[in-house]
1. Does the stretch 45-54 contain at least one residue that is over 17 Å from the mean Cα position of the chain (by Cα), surrounded by fewer than 21 Cβ atoms within 10 Å (Cβ to Cβ), within 10 Å of the ligand (Cβ to nearest atom) and under 24 Å from Asp202 (Cβ atoms)?
2. Just one of Arg167, Arg184, Arg153 is within 25 Å of Ile124 (Cα to Cα), basic (Lys, Arg) and either buried (at least 24 other Cβ atoms within 10 Å of the Cβ) or out of contact with any His (no Cβ under 9 Å at 6 or more places or on another chain) (or both); which is it?
3. Just to verify a result, which residue in the stretch 57-73, among those that are in a helix (DSSP H, G or I) and more than 12 Å from the ligand (Cβ to nearest atom), is nearest to Pro45 (Cα to Cα)?
4. Here is a list: Ala143, Ala194. Which entry is of a type in the set (Gly, Ala, Ser) and modelled with pLDDT of 95 or more?
5. In this structure, is Asp178 within 24 Å of Glu110 (Cβ to Cβ), acidic (Asp, Glu) and not assigned by TED's automatic domain parsing to the domain that holds Asp8?
6. Going through the stretch 74-92 one residue at a time, which ones are of a type in the set (A, V, I, L, M, F, W, C), surrounded by fewer than 15 Cβ atoms within 10 Å (Cβ to Cβ) and not in a helix (DSSP H, G or I)?
7. Within the stretch 1-21, work out how many residues are over 13 Å from Thr51 (Cα atoms), within 11 Å of the ligand (Cβ to nearest atom) and touching a strand residue (DSSP E or B) at 6+ places or on another chain (Cβ under 8 Å).
8. Between Gly97, Gly134, which is in contact (Cβ under 8 Å) with a residue 12 or more places away in the chain, crowded, with 17+ Cβ neighbours inside 10 Å and within 15 Å of Gln157 (Cα to Cα)?
Amino acid sequence: MQLIGMLDSPFVRRTFITAKLLDIPFEHRPLSIFRNFAEVHAINPLVKVPTLVLADGEIMVDSTLIIEYFEESARTRTLMPAQPALRRRCRRLTSFGLALAEKSVQLYYEIGLRPQNLRWDEWITRQTGQLRDGAALIESEIASDGSEWLCGREIGQADVTVAVAWRFSQFVLPHILDPEQYPRLADLSARAEALPAFRAADFK
Ligand SMILES: N[C@@H](CCC(=O)N[C@@H](CS)C(=O)NCC(=O)O)C(=O)O
């Protein structure tokens, strides 16, 4: 099984880290959708990452669906709590983390990639507000003492997704989310980034 995509994509990175935490064996092929467009296209004409190439050659896209597939395949571990109320909380906070990642990618494309003369300032202002409000929403859900993860004593999918989204936003848009405004998010991210599965997914 191969996982296609660079670890500077938050969607690839959450998929990679999840596979590590669940002990799913895979080969990572860090191909860029920009620099290796033709190679990615030959694997997946949709040119979306992450792309999972299964043992029989079939491909699958979308981090959430790939992670669902990993959860089904994992034998001994899960990143989803068993208890229904916690499971629901884990899904809810994962969805907030995903929105944070999506907003960060959109804003990065607008600010970092689009030619300056084609920038849409109103859109940038709107996306910036959504990103900050999303981070505040997540911040309000994190325990103040930093003793636990988002959905219990063990790290779960919500922690993986939120921590990955935070690190990505800090990497590409360091001026947008000030860690001093979101100290619990910054602390959650630091705790997660210290784990071997996250360190294995480091990027520069
Ligand atoms: N919802 C998707 C989003 C994946 C996504 O947007 N990936 C970006 C890289 S960060 C991509 O493949 N962009 C290339 C394109 O859309 O053409 C997921 O969770 O996997």
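The values are calculated or read from the model by the stated rules, or taken from the named source; none is laboratory data. Remember, it's a predicted structure, so these values are computed and weren't measured experimentally. Note: ideal-geometry Cβ built from the backbone for every residue, glycine included; neighbour counts use all protein chains shown.
1. Scanning the stretch 45-54, I find no residue that is over 17 Å from the mean Cα position of the chain (by Cα), surrounded by fewer than 21 Cβ atoms within 10 Å (Cβ to Cβ), within 10 Å of the ligand (Cβ to nearest atom) and under 24 Å from Asp202 (Cβ atoms), so the answer is no.
2. Working: Arg184 fails: within 25 Å of Ile124 (Cα to Cα); Arg153 fails: within 25 Å of Ile124 (Cα to Cα).
It is Arg167.
3. Here is the first cut: in the stretch 57-73, the ones in a helix (DSSP H, G or I) are 63-73.
In the following step, the residues that additionally are more than 12 Å from the ligand (Cβ to nearest atom) were identified as 69-73.
Details: Tyr69: 21, Phe70: 23, Glu71: 26, Glu72: 26, Ser73: 26 Å.
Filtering first and then ranking leaves Tyr69.
4. On the way: Ala143 fails: modelled with pLDDT of 95 or more.
Step by step, each of Ala143, Ala194 is checked, and only Ala194 is of a type in the set (Gly, Ala, Ser) and modelled with pLDDT of 95 or more.
5. Numbers: within 24 Å of Glu110 (Cβ to Cβ): yes; acidic (Asp, Glu): yes; not assigned by TED's automatic domain parsing to the domain that holds Asp8: yes.
So Asp178 passes the test.
6. From the stretch 74-92, those of a type in the set (A, V, I, L, M, F, W, C) are 74, 79-80, 82, 85-86, 90; that's our starting set.
With surrounded by fewer than 15 Cβ atoms within 10 Å (Cβ to Cβ) added as a condition, the list becomes 82, 85.
Hit for the stretch 74-92 is Ala82, nothing else.
7. 0
8. On the way: Gly134 fails: within 15 Å of Gln157 (Cα to Cα).
After ruling out the rest, the residue left standing is Gly97.
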